[in-house]
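Below is one structure, written out as structure tokens, with a few remarks after it.
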Amino acid sequence: MPLRLDPSFREGLAASDRALIGMWACSGSALVTEVAAGSGLDWLLIDMEHAANTLESVLLQLQVVAAYPIVPVVRVPANDAVAIKQVLDLGAQNLIVPMVSSADEARAAVAATRYPPEGVRGVGSALARSARWNRVDGYLQESATHTSLTVQIETAAGVAAAAEIAAVDGVDAVFVGPSDLSASMGLLGQQTHPEVIAAVETVFAAVQGAGRPVGVNAFDPTAADAYIAAGADFVAVGADVALLARASEALAARFIAADGTARASY
């Protein structure tokens, strides 16, 4: 049987004439992720690094998202060959690997996505959803064509090495994380500090100079607009849990006064 392939994140970036807009799925809930999948956004990031997601919950989310015209991207918890292998075996076709700060680390991420002799991915296609339990003809030989790899730059060292990271064969895109980057720069919690913004834009120039797409995380709409104007190819503009947190706070502020009494609505 052929493997049903929607356009990969790599192909979507190449085909788009605008920045692709996405959001994070962090709740660990397949139901919440399905709600987000029908939003009309371009891509959905299922996070395993900072969210309550397990292999089983990621599997369920990949299954429900498959019914919608949105590209699912899974961020693995670390640049670890075992973690990457397990997520690929679940059937994820688009990965983000966090905390990549050198070309060697980028090469390790690429190797983890590929079978020998090009890489080190363990062979378990008979057991895995990725190959539909060995029902997909030629899966082992063609698996690299199914997989899109984005690496995430989140440190000052990564900024300095951005051009070399982007030039690694097999890296399809680079994603900048201003939160950890600001911490690495001694500006913890100051994602929109001018020095952090300048560092992000330094990565933009280096990555695009290497001929790769570059994206950024920006929940602040003003920052997101500025990064799009600066040439971002993809931007994550929100997260399911953050949207719920802010909307529920707005409800409380609307209907409950500071002293705990009911706020008049007329």
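Each value in this text was obtained by applying a stated rule to the coordinates, not by laboratory testing. Remember, it's a predicted structure, so these values are computed and weren't measured experimentally. Ideal geometry is used to build each Cβ from the backbone, glycine not excepted, and the neighbour counts take in all protein chains shown.
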Counting Lys and Arg as +1 and Asp and Glu as -1, each charge on the Cβ, what is the dipole of the range 1-152 about the Cα centre in debye, to the nearest 20? 260 debye
Expressed as a whole number of Å, what is the distance separating the alpha-carbon centroids of the range 61-108 and the range 177-217? 21 Å
Could you check the spin-label model distance between L140 and A247? Points 7 Å from the Cα along Cα→Cβ, value in nm. 4.7 nm
Calculated P(r) of the range 9-240 - Cα pairs past 29 Å, %: 22 percent
Among W43, W133, which comes first, second and so on when ranked by fewest other beta-carbon atoms within 10 Å? W133, W43
Which of rounded, prolate or oblate describes the range 1-92 when judged by the alpha-carbon gyration tensor and an a/c cut-off of 1.5? rounded
Reduced to Cα centres, the span from the range 6-50 to the range 134-172 in Å works out to 18 Å
Along the positive direction of the dipole of the chain (beta-carbon charges: Lys, Arg +1; Asp, Glu -1; about the Cα centre), which of Q190, N134, A229 reaches farthest? N134
Relative contact order of the chain, please, whole-number percent, based on alpha carbon pairs below 8 angstrom and at least 6 residues apart. 18 percent
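Order these by the 10 Å Cβ neighbour count, fewest first: E56, E154. Present the calculation step by step, with values, prior to reporting the outcome.
On the way: E56 11, E154 23.
Lowest count first: E56, E154.
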Using a Gaussian network for the chain with springs between C-alpha atoms less than 10 Å apart, which of these wobbles most: V73, V97, V196? V196
E56 to E11: FRET efficiency via 1/(1 + (r/R0)^6), r the Cβ-Cβ distance, R0 30 Å, to the nearest 0.05? 0.60
A correct fewest-to-most ranking of D17, D42 by other Cβ atoms within 10 Å would be D17, D42
Once you charge only the Cβ atoms, +1 for Lys and Arg and -1 for Asp and Glu, what is the size of the charge dipole of the chain about its Cα centre, to the nearest 20 debye? 580 debye
per DSSP, antiparallel bridges as share of beta bridges in the chain, % nearest 5, sits at 5 percent
